[in-house]
Amino acid sequence: MFSLEGQTALVVGVANEQSIAWGCARALRAQGARLAMTWLNDKAEPHVRPLAEQIGAEIVAPLDVRDAVQMDPLFAEIAARWGRLDTLVHSIAFCPRDDLHGRVIDCSAEGFGLAMDISVHSFLRMIRRAEPLMPEGGTCITVSFQGASRVVEHYNVMGPVKAALESAVRYAAAELGPKGISVHALSPGPLATRAASGIAEFDELLDAAASRAPTHHLATIEDVGAYCAFLASREAANVTGGVHPVDGGYSIVA
């Protein structure tokens, strides 16, 4: 059995106990990793801080990924406290509601740019800051969705955005591979998370996924967390650049 004892991990994207990032944080901690966790804003802090305390996160800080004034001190604190970072987990995405619920071709330039910045480029910004803290290698993980490669009704502009995220994973993996830093995207099937609730008719998508998946079960945040923890382990050091479905086989069904 792999172990993450002595390793350090930063998990970004926990909003509440239903978050994919929370499943990842719990799994990393269960395998022995020391954790840093963030919350988005004052509204989110009362939901995130108790979870961080529950699993003994050593660093808990605010982080709006659009704000370098918050991001730089976070990585500085990680460097000062731990001297390194072994794993980065990025599980955030955003699109303005009007743009998300409209046709892709009607998406505003401002909405498209904001969705790309928060959902994709913020991952690259975080990798760039993590790289100096991974002199002996490390793991960077983000979260995608099958709407990146296939048209999923009502997923709309987030499909092209997630496609860009998956492409960024491949390029980052190629660039950082010589340094022993692996880069991955986890691709769960539909999950009942707070973020997913913004997608129109999402309950119908959940029902369809459960009925069509070979296992007839939706993935859980625990499933995603278990895979995340494995990818963070030394045993997975030679795996990189992939998009990893965690969906009960839903993605293989025509």
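The values are calculated or read from the model by the stated rules, or taken from the named source; none is laboratory data. These numbers come from a predicted model, not from an experiment. Virtual Cβ from ideal backbone geometry, glycine too; neighbours counted across all protein chains shown. Heavy atoms of the whole protein, side chains included, go into the accessibility calculation; ligands, DNA and RNA do not. Shrake-Rupley method; radii C 1.70, N 1.55, O 1.52, S 1.80 Å.
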**Prompt:** Any idea what angle helix 68-82 forms with the longest principal axis of the chain, computed on alpha-carbon atoms, 0 to 90 degrees, nearest 10?
**Reply:** 40
**Complete:** Under 5 Å from the placed amide H of Ala15, counting only residues 5+ away or on other chains, we find Trp22
**Prompt:** Which trypsin sites (Lys or Arg not before Pro) from the range 1-89 combine a DSSP loop assignment with at most 16 other Cβ atoms within 10 Å?
**Reply:** Lys43, Arg66, Arg84
**Request:** Working with all protein chains in place, sort Arg49, Arg97, Arg129 by solvent-accessible area computed with a 1.4 Å probe, largest first.
**Result:** Arg97, Arg49, Arg129
**Request:** Determine the equivalent ellipsoid of the range 44-179 by diagonalising the alpha-carbon gyration tensor, then write out the semi-axes as square roots of 5 times the eigenvalues, largest first, rounded to whole Å.
**Result:** 29, 19, 13
**Peptide ranges 98-105, 219-226 listed from the most packed, as the mean C-beta count within 10 angstrom indicates** = 219-226, 98-105
**Request:** Please report, in whole Å, how far the alpha carbons of the range 8-252 spread along each principal axis, starting with the longest.
**Result:** 46, 38, 37
**Asked** When the dipole is taken about the Cα centre of the chain, and only Lys, Arg (+1) and Asp, Glu (-1) are charged at their Cβ, what size is it in debye, to the nearest 20?
**Response** 540
**Request:** Could you work out the relative contact order of the range 1-47, using alpha carbon pairs under 8 angstrom and six or more residues apart, expressed as a whole percent?
**Result:** 46
**Request:** Describe numerically, in nm with one decimal, the distance between label points set 7 Å from Cα along Cα→Cβ at Glu17 and at His121.
**Result:** 3.7
**Tilt relative to the chain, helix 20-30 - C-alpha long axis, 0 to 90 degrees, to 10** = 30
**Prompt:** Which sequence of Arg125, Arg212 reflects their accessible areas, 1.4 Å probe, from the largest down?
**Reply:** Arg212, Arg125
**Asked** From the backbone phi of the range 4-15, what are the Karplus-calculated ³J(HN,Hα) couplings (6.51 cos²θ - 1.76 cosθ + 1.60, θ = phi - 60°) in whole Hz, Gly and Pro given as x?
**Response** 10, 4, x, 8, 10, 8, 10, 10, 10, x, 6, 10
**Added length on full extension, which subtracts the Cα-Cα distance from 0.36 nm per residue, Tyr171 to Ala68** = 34.8 nm
**Fill in**
Of Gly147, Gly113, Gly189, the most mobile residue in a GNM of the chain (C-alpha springs, cutoff 10 Å) is Gly113
**Asked** According to a simple spin-label model (label point 7 Å from Cα along Cα-to-Cβ), what is the distance in nm between Lys179 and Glu53?
**Response** 3.6
**Request:** Please list the non-local residues whose amide H lies under 5 Å from the amide H of Ile181, H modeled 1.01 Å from N, same-chain partners needing a gap of 5 or more.
**Result:** Gly138
**Message:** Please check: in the Gaussian network model of the chain (C-alpha springs, under 10 Å), which one of Gln54, Gln146, Gln31 has the largest mean-square fluctuation.
**Reply:** Gln54
**Request:** Take every Cα pair under 8 Å in the chain that's 6+ residues apart, average their separations, divide by the length, and report that relative contact order as a whole percent.
**Result:** 21
**Asked** Once label points are set 7 Å from the Cα along Cα→Cβ at both Arg234 and Glu136, what is their separation, rounded to one decimal in nm?
**Response** 0.8
**Asked** Suppose R0 equals 30 Å; then what is the FRET efficiency for Phe2 and Ala44 from their Cβ-Cβ distance, rounded to the nearest 0.05?
**Response** 0.45
**Asked** Pick from Ser149, Ser119, Ser91: which residue has the top mean-square fluctuation in a GNM of the chain where Cα pairs under 10 Å get a spring?
**Response** Ser149
**Request:** Quick one: which residues, 5 or more positions from Val246 or on another chain, have an amide H under 5 Å from its amide H? H modelled 1.01 Å from N in the peptide plane, none for Pro or chain starts.
**Result:** Ser187, Gly189
**Asked** Between the range 83-139 and the range 209-241, what is the C-alpha centre distance in whole Å?
**Response** 20
**Prompt:** Helix 158-176 versus the longest principal axis of the chain: what angle, 0 to 90°, nearest 10, using Cα atoms?
**Reply:** 30
**Prompt:** Of Tyr250, Tyr171, which has the most accessible area and how do the rest follow, probe 1.4 Å?
**Reply:** Tyr171, Tyr250
